[in-house]
Amino acid sequence: MNRRSFLATGVSAAAAGLTAAGSAGAPRPPGAPRSARAQGSAGRRFGLDYAPHFGMFRHHAGEDLVDQLRFMHDEGFRSLEDNSLPRRDVAVQEHIGAELDRLGMRMGVFVAHTAWGAVSFASDDPDVRERILADIRQAVEVAGRVNARWCTIVPGEYDRGVERAYQTATVIDNLKRAAEICEPAGLTMVLEPLNHWANHPGVFLTGIPQAYQICRAVGSPSCKILDDLYHQQITEGNLIPNLDRAWDEIAYIQVGDNPGRNEPTTGEINYLNVFRHLKGKGYEGIVGMEHGNAGEGRAGERAVIDAYVACDQ
């Protein structure tokens, strides 16, 4: 499963299936934190703030996005991820934002920019740069509708005809310009290194040390790292030491087991220890559930929930 597959999930159902979110509660300042340990109606408390995505529990909740949100909340989840959010109608975005607020849930990442091809942060073409910055301006508008604090950036593909050091300098330059747009809005771009073996051959950003170097050079609170442990298990392993070394620049975590990119306990990563480590470091951010379900139907969905209960010790 790759990022293109996640981006295609659930878009067609959004316009037809979304019900009104009802009256929202009192407005909060943009990005105001909500407790990850709040108790759901099922009586469950998670020690970390795990964020499912739309479609993960559709066999239990149906196709309606608000019903899916309510199911997530009832199962104890307090955040949501939605890669496809910028592609949804504005009215749908606003309904999602209102329901998140009513339920006291946080909005996790949505994808602000992915560059499969020429529109890469590694390009110094002025037209490409303007297209990138247009994506960032749109991301700021989308974030305002759902009270989001983070958006995912995939810098793009590696140009084999240009020395990597030159490309790195251009990526940093373009990110500095993008950060100038995000900072006044309180929006943080989180750079996601992707594995170049199983899913994304030719991608520019592949490792946590590389992302750390770039974020340090950009030097903005609006440019940080998204550490997707599925990708990093494939690319470099050494998950906990790399978390510790890059901790000051990591703003967001995503998970998925390897092989298979499904829920924890289905592969080789010891997520019981990883989650304990995050709690020990006092991590209060979101842990995005960017993976598939190993099983099918309602049983497969229940297995996902059970896996997080088992690893959240």
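The values are calculated or read from the model by the stated rules, or taken from the named source; none is laboratory data. These figures come from a predicted structure and were not determined experimentally. Every residue, glycine among them, receives a Cβ derived from its backbone with ideal geometry; neighbour counts consider all protein chains shown.
Please determine, by comparing only the residues of region 240-257 that are of a type outside the set (A, V, I, L, M) and crowded, with 19+ Cβ neighbours inside 10 Å, which one is farthest from D49 (Cα to Cα).
Per the stated criteria, the residue is N242.
Being surrounded by fewer than 20 Cβ atoms within 10 Å (Cβ to Cβ), on the phi > 0 side of the Ramachandran plot and not aromatic (F, W, Y): is that true of G237 here?
In short, yes.
Pull up region 124-173, narrow it to residues that are touching a Ser or Thr at 6+ places or on another chain (Cβ under 7 Å) and not β-branched (V, I, T), then point me to the one that is surrounded by the fewest Cβ atoms within 10 Å (Cβ to Cβ).
The extreme case among them is D124.
Could you list, in sequence order, the residues of region 164-192 that are closer than 18 Å to Q210 by Cα, of a type in the set (A, V, I, L, M, F, W, C) and in a helix (DSSP H, G or I)?
Selection gives A165, A169, V171, I172, L175.
Filter region 205-260 for residues that are within 20 Å of A139 (Cα to Cα), assigned to a loop (DSSP other than H, G, I, E, B) and either hydroxyl-bearing (S, T, Y) or in contact with a Cys (Cβ under 6 Å, 6 or more places away or on another chain) (or both) and give the result.
Selection gives S220, S222.
Consider region 54-70. How many of its residues are in a helix (DSSP H, G or I) and either on the phi > 0 side of the Ramachandran plot or touching an Asp or Glu at 6+ places or on another chain (Cβ under 9 Å) (or both)?
Counting residues in region 54-70 that are in a helix (DSSP H, G or I) and either on the phi > 0 side of the Ramachandran plot or touching an Asp or Glu at 6+ places or on another chain (Cβ under 9 Å) (or both) gives 8.
Please go through (1) under 20 Å from the mean Cα position of the chain (by Cα); (2) surrounded by 21 or more Cβ atoms within 10 Å (Cβ to Cβ) for R87 and return the number of the only condition it doesn't satisfy.
(2)
What number of residues in region 93-119 are assigned to a loop (DSSP other than H, G, I, E, B) and at pLDDT 95 or above?
Adding up the residues that qualify gives 5.
Determine which member of the set G161, G144 is of a type outside the set (D, E), free of Cβ contacts under 8 Å to residues at least 24 places away in the same chain and either touching a Gly at 6+ places or on another chain (Cβ under 9 Å) or outside any helix (DSSP H, G or I) (or both).
G161
Within region 260-273, restricting attention to residues that are in contact (Cβ under 8 Å) with a residue 40 or more places away in the chain and surrounded by fewer than 20 Cβ atoms within 10 Å (Cβ to Cβ), which residue is farthest from P221 (Cα to Cα)?
So, considering only residues that are in contact (Cβ under 8 Å) with a residue 40 or more places away in the chain and surrounded by fewer than 20 Cβ atoms within 10 Å (Cβ to Cβ), the one farthest from P221 (Cα to Cα) is T265.
Kindly list, by first and then second residue, each pair from a residue in region 123-136 that is over 16 Å from F204 (Cβ atoms) to a residue that is of a type in the set (G, A, S) and assigned to a helix (DSSP H, G or I), limited to pairs with Cβ atoms under 9 Å and residues at least 6 apart or on different chains.
Pairs found: L133/A178; D135/A178; I136/A178; I136/A179.
Restricting to region 277-299, count the residues that are outside any loop (DSSP other than H, G, I, E, B) and farther than 15 Å from G256 by Cα.
7
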